[in-house]
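See structure below.
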Amino acid sequence: MSSQRFACLPSRMTLITFKTRLKGAQKGHSLLKKKSDALVMRFRSILKVLKESKEKMPDEMKKAHISLAYSKYHAGESGLAFAVQECMKQMPLRTRIRQDNVAGVSIPVFTRGEPPMGTETGMGKGGEQIRAARDQWQKTLAVLVTAGSLQTQFMVLDAAIKVTNRRVNALDKVVIPKIQNTLAYITSELDELEREEFFRLKMIQKKKKELAEEELRQEARLRQQGVDAPNLMDMFNMKDDDVVA
């Protein structure tokens, strides 16, 4: 039983302290439960979009590679290489990151920046196919950035949900029952002390009553003998000069 409660000295102050701790633990359990529900709700919505994005990725990659093959066929290796070298003179594609807050948990959100302006590839030597391939690859990159952002959010939320659920279970299965057992122990000990105090007072009253009855009997016996009886209670209360108080 001692392992299922906190070690403490049973007193009124301790009882009040543990009652306050119990209220705090119950409030914390309620808040963490709401946080867990909010995280699970966001987790499920992200999981749905992530599934759709991953299912879409193979088709986008297939289209991008087919468009690249078309551009190679129409423009040739040299024409495609020249177009790629011209594109490299511009700022490459970048992603932006921002922090989103879900029930106190920060999750990163990646977004694709503005694509660079396309270079003039001309109408001849497969210029149209090169522009189509470029547009298709930019579309594919957008899908990849979205999938990567959702995958990162998925992992962060999954870890946060596990930590929150462990805390909820610890409060529900360990801390709160332990505090309740401690309160029950303190209450039982205080009740036992009250019963002992009540019994002690009853015994004191009984002893005083017996002393009073004995004094009355002693007075009656001395009166019959014609002697003034001293008060026994006064004798008990008399101060002895030899005794230093």
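The values are calculated or read from the model by the stated rules, or taken from the named source; none is laboratory data. This one's a predicted model, so the numbers in the text were calculated from it and none came from an experiment. Note that each Cβ is placed from the backbone with ideal geometry, even for glycine, and that neighbours are counted across all protein chains shown. Surface accessibility is based on the protein's heavy atoms, side chains included, excluding ligands, DNA and RNA. Shrake-Rupley method; radii C 1.70, N 1.55, O 1.52, S 1.80 Å.
Side notes on the structure shown:
- Placing a label point 7 Å from the Cα of R94 along the Cα-to-Cβ direction, no residue of region 152-170 has its backbone N under 11 Å from that point.
- Across region 157-162, computed HN-Hα scalar couplings (Karplus, 6.51 cos²θ - 1.76 cosθ + 1.60, θ = phi - 60°) run 5, 4, 5, 5, 5, 4 Hz from first to last residue, x flagging Gly and Pro.
- Evaluated over the Cα positions of region 135-194, the convex hull gives a direction-averaged projected area, one quarter of its surface, of 4.4 nm².
- Whole-Hz couplings from phi, Karplus 6.51/-1.76/1.60, listed for region 26-37; x for Gly and Pro: 5, 5, x, 4, 5, 5, 5, 5, 5, 4, 4, 5
- Between R200 and K48, the contour length at 0.36 nm per residue exceeds the alpha carbon distance by 47.5 nm.
- Between amide H atoms placed 1.01 Å from N, distances below 5 Å from R112 occur with R96, all of them 5 or more places distant or on a separate chain.
- Exposure check, 1.4 Å probe, all protein chains in place: M41 carries approximately 140 Å² of accessible surface.
- Table column - 3J(HN,Hα) (Hz), region 136-143, Karplus curve with 6.51, -1.76, 1.60, x for Gly and Pro: 5, 5, 5, 5, 5, 4, 4, 5
- Of the residues H29, H65, ranked by 1.4 Å probe accessible area with the largest first, the sequence reads H65, H29.
- Proximal lysines to K51, defined as alpha-carbon separation beneath 22 angstrom and excluding residues fewer than eight positions away on the same chain: K62, K63, K139, K162
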